[in-house]
Amino acid sequence: LGSLELLPTGTKLELGQMLVDLLGRKKVEAIRPAMLWALGRIGARQPVYGPLNTVVPPETAAAWLQKVLQRAPADPAAALAVMMLARRTDDRYRDLPDAQRRAAAIWLRNQHCPPHFLELVEHGGRLADEEQGLVFGESLPKGLRIL
């Protein structure tokens, strides 16, 4: 579901909220990494291929980010979700408020996440090749790059 970037914003809002509501439940512990990945993609500030008019509002992404910071265990899936939700774009209509991005950066720093995740949250930029595979969900075909 997370990779369906062409979904209308309303549908993304419903799906994201369902994922956030399920995050803390024991029954879904085995699929939590997939849920975090999907939530990160649904709430991403920078879509992989979708149009900018379907990006969820920053207020919603900030609320989801807060829940991830509170409920998610420190693991690579949570770090990826935090980075995607808080990534800086230099677009005032998509970026989270500075306070939320700072909170995400502090969390990432405390979890000893990849330094480039911090760079993307604090200053923005392009995904590294390895990160593109993580965000895309599988290895990219030869020659295909995510901006």
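The values are calculated or read from the model by the stated rules, or taken from the named source; none is laboratory data. Computed from a predicted structure; not experimentally measured. Here the Cβ positions follow ideal geometry from the backbone for every residue, glycine too, while neighbour counts run over all protein chains shown. These area figures cover heavy atoms from the full protein model, side chains too; ligands, DNA and RNA do not enter into them. Shrake-Rupley method; radii C 1.70, N 1.55, O 1.52, S 1.80 Å.
Could you check the stretch 64-89 and list, in sequence order, the residues that are surrounded by fewer than 17 Cβ atoms within 10 Å (Cβ to Cβ), modelled with pLDDT of 95 or more and either among the hydrophobic types (A, V, I, L, M, F, W, C) or on the phi > 0 side of the Ramachandran plot (or both)?
none
Return the residues of the stretch 1-58 that are charged (D, E, K, R), more than 13 Å from residue 78 (Cα to Cα) and touching a residue at least 12 places away in the same chain (Cβ under 8 Å); say none if nothing qualifies.
5, 12, 45
What's the number of the only condition in (1) open to solvent by less than 30 Å² (accessible area, probe 1.4 Å); (2) in contact (Cβ under 8 Å) with a residue 24 or more places away in the chain that residue 105 fails to meet?
If we test residue 105 against (1) open to solvent by less than 30 Å² (accessible area, probe 1.4 Å); (2) in contact (Cβ under 8 Å) with a residue 24 or more places away in the chain, just (2) comes out false.
Results for (1) in a helix (DSSP H, G or I); (2) acidic (Asp, Glu), shown as yes or no for each residue.
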position	(1), (2)
1	no, no
4	no, no
20	yes, no
29	yes, yes
45	no, no
49	no, no
59	yes, yes
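Report every pair of residues separated by at least 6 positions or lying on different chains whose Cβ atoms are under 9 Å apart, first residue within the stretch 114-143 and within 17 Å of residue 49 (Cβ to Cβ) and modelled with pLDDT under 80, second open to solvent by less than 50 Å² (accessible area, probe 1.4 Å) and among the aromatic types (Phe, Trp, Tyr).
Final answer for the pair search is 131/117.
Within the stretch 1-35, take every residue that is within 18 Å of residue 48 (Cβ to Cβ) and polar (S, T, N, Q) and give me the one that is nearest to the chain's Cα centre (by Cα).
3
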